[in-house]
Amino acid sequence: MKTLLKTPLIRLIFSIAMIAATSVTAQAQSTSTDDSVFQSLGAKAGIDKIVEDFIPIILADQRIKRFFEQTDKKRLAAQLSDQFCELTGGPCQYKGKDMHEVHEGMNISNAHFNALAEDLQIAMEKNNISSSISNKLVAKLAPMQRPIVSK
C-alpha cells in the first residue's frame, strides 16, 4: 500500500476517497435525530395524553375557542399529536397541510398564538412535564408563528 501511495495521482484519489468517507460519516451523524424531548414527553403515549388534555383547554379558552368551534376535534388531536411527535424527534410524520394554508384567512394575532402556547404549557403541567422540556417543545413550535399569525 505504501508503494502505491507514492504516485501523486493515487495519493490524490486516496485523499479524495478519505475526505468523502469522512464527510458521509459526519453527515450521517448530524442527521441522526435527537429524541430526548420526545422521550421526556413520555414518547407517543405521553404526547397523546398531553394533546387529550390540551384540546378541552383550548375549547374553554375565551381568547381562542372560536377558532376551533367548527373543527373536527378527533382529527385535530391526531394531527397535533403527530406534529408534536415529529417535531420532538419521534417516529411520527405530520401529514397535514402547511401552517399557512391551514390558518389562512383566520386573522390570528400574536395574542392568539401566545394563548395557544400558554394552554399547551398548562396541558404539559397537568401531565407533570418539567418546565425545561415544556419550553423545548414550545421553542420548536415558535417558528410556526410567522406562517400562522396574519394580523
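Tabulated data for the structure shown
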item	result
Yes/no for T88 being assigned by TED's automatic domain parsing to the domain that holds N127, at pLDDT 85 or above, out of contact with any Asp or Glu (no Cβ under 9 Å at 6 or more places or on another chain) and β-branched (V, I, T)	no
Some residue of region 125-134 being assigned to a loop (DSSP other than H, G, I, E, B) and surrounded by 19 or more Cβ atoms within 10 Å (Cβ to Cβ)	yes
Options N110, N135: the member that is assigned by TED's automatic domain parsing to the domain that holds E52, out of contact with any Asp or Glu (no Cβ under 9 Å at 6 or more places or on another chain), without any contact (Cβ under 8 Å) to a residue 40 or more places away in the chain and under 22 Å from L59 (Cβ atoms)	N110
Helices (runs of 4 or more DSSP H) within region 1-67 that include 2 or more residues at pLDDT below 50	8-31
Qualifying residue in region 120-128 (condition: out of contact with any Leu (no Cβ under 7 Å at 6 or more places or on another chain), of a type in the set (V, I, T) and at pLDDT 95 or above)	yes
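Conditions tested, residue by residue: (1) within 18 Å of V149 (Cα to Cα); (2) surrounded by 15 or more Cβ atoms within 10 Å (Cβ to Cβ); (3) over 17 Å from the mean Cα position of the chain (by Cα).
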position	(1), (2), (3)
G46	no, yes, no
V51	no, yes, no
I64	yes, yes, yes
F67	yes, yes, yes
T71	no, no, yes
Q79	no, yes, no
L87	no, yes, no
C92	no, yes, no
K97	yes, no, no
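The values are calculated or read from the model by the stated rules, or taken from the named source; none is laboratory data. Quantities reported herein were computed from a predicted structural model and do not represent experimental measurements. Note that we place each Cβ from the backbone using ideal geometry, even for glycine, and neighbour counts take in every protein chain shown.
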